[in-house]
Amino acid sequence: MNILITYSSKTGNTEKLATGIYKNINEEHGLNVEIKPIAQVKCTENYDAILIGYWVDKGGPNEEAKKFMEKIKNKKVGIFATLGAYPDSNHGFNSLVRGEDLLKENNEIIGKYICQGAVDPNLIEAFKKLDSNNYHAITDEKLRRYKIAKLHPNEAEILSASILFKERLTII
């Protein structure tokens with residue numbers, strides 16, 4: 001089985017998750033696994049399954065990942081994502097669903113995974129300059145969340161995502 005793991009990563013979080021999934025899945029016998037950034041993917045025709053990773057931007061896949069996902073047809077697809085918010089929040093859930101919505105009509109979704117990741121420090125600085133009435137304005141709670149986010153994705157999350165996708169790929 002030929003599998004592509006591809007991703008878009010701004011600060012390295014999604015790349016770290018993708019690389020960890022690759023290392024764990026690549027150990028499975030009978031799977032031919034490749035990993036590359038979305039920008040390097042020229043053709044998806046020869047893959048039986050594609051695992052697509054994105055960083056959450058404006059409540060869904062970042063633009064590069066979104067454009068790529070919209071082109072995928074007739075594939076078995078897994079989705080993984082990273083975001084600065086808590087993954088078990090409504091925002092986290094909806095961010096994953098928006099990725100799934102781009103793919104589910106023309107593909108078979110084999111699994112989804114989302115975890116926290118560090119927020120771009122430049123973005124945090126921009127948020128600090130916002131008026132306190134702005135949704136993205138810095139608060140003590142957000143600063144605590146950003147501090148926690150720096151610890152992710154961690155090894156447990158990488159292993160969890162790897163187990164999920166390895167299981168799903170072996171039953172295809």
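The values are calculated or read from the model by the stated rules, or taken from the named source; none is laboratory data. From a predicted model like this one, the values you see are computed outputs, not experimental measurements. No Cβ is skipped: glycine too gets one built from the backbone with ideal geometry, and neighbour counts run over all protein chains shown. We work out accessible area using only protein heavy atoms, side chains counted, and drop any ligands, DNA or RNA first. Shrake-Rupley method; radii C 1.70, N 1.55, O 1.52, S 1.80 Å.
Tabulated values for the structure
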{"quantity": "Cβ-derived FRET efficiency at R0 35 Å, Glu70 paired with Asn134, nearest 0.05", "calculated": "0.70"}
{"quantity": "Kirkwood-type radius of region 68-141, with distances r between different C-alpha atoms, in Å", "calculated": "14.2 Å"}
{"quantity": "Carbon and sulfur %, accessible surface of the chain computed with the full protein complex present, 1.4 Å", "calculated": "48 percent"}
{"quantity": "Whole-number accessible area per residue in Å² for the chain, which is evaluated in the context of all protein chains at 1.4 Å", "calculated": "54 Å²"}
{"quantity": "Simple spin-label estimate for Arg168 and Cys43 in nanometres, 7 Å along Cα-Cβ", "calculated": "2.6 nm"}
{"quantity": "Equivalent-ellipsoid semi-axes of the chain, from the Cα gyration tensor, Å, largest first", "calculated": "29, 16, 13"}
{"quantity": "For the chain: relative contact order, % (alpha-carbon pairs under 8 angstrom, 6 or more apart)", "calculated": "23 percent"}
{"quantity": "14 Å Cα-Cα reach of Lys75 towards aspartates and glutamates, excluding residues that sit fewer than 8 places from it in its own chain", "calculated": "Glu45, Asp48, Glu100, Glu105, Glu108"}
{"quantity": "Added length on full extension, which subtracts the Cα-Cα distance from 0.36 nm per residue, Glu105 to Asp120", "calculated": "2.2 nm"}
{"quantity": "Unsatisfied cross-links (Cα-Cα over 26 Å) in the set Lys23/Lys128; Lys16/Lys129; Lys67/Lys128; Lys10/Lys67; Lys71/Lys128", "calculated": "Lys23/Lys128; Lys16/Lys129; Lys67/Lys128; Lys71/Lys128"}
{"quantity": "Dimensionless Rg ratio for region 1-95, taking C-alpha atoms and the 2.2 N^0.38 Å reference", "calculated": "1.06"}
{"quantity": "Rough spin-label spacing in nm, given labels placed 7 Å along Cα→Cβ, for Lys150 and Glu34", "calculated": "3.8 nm"}
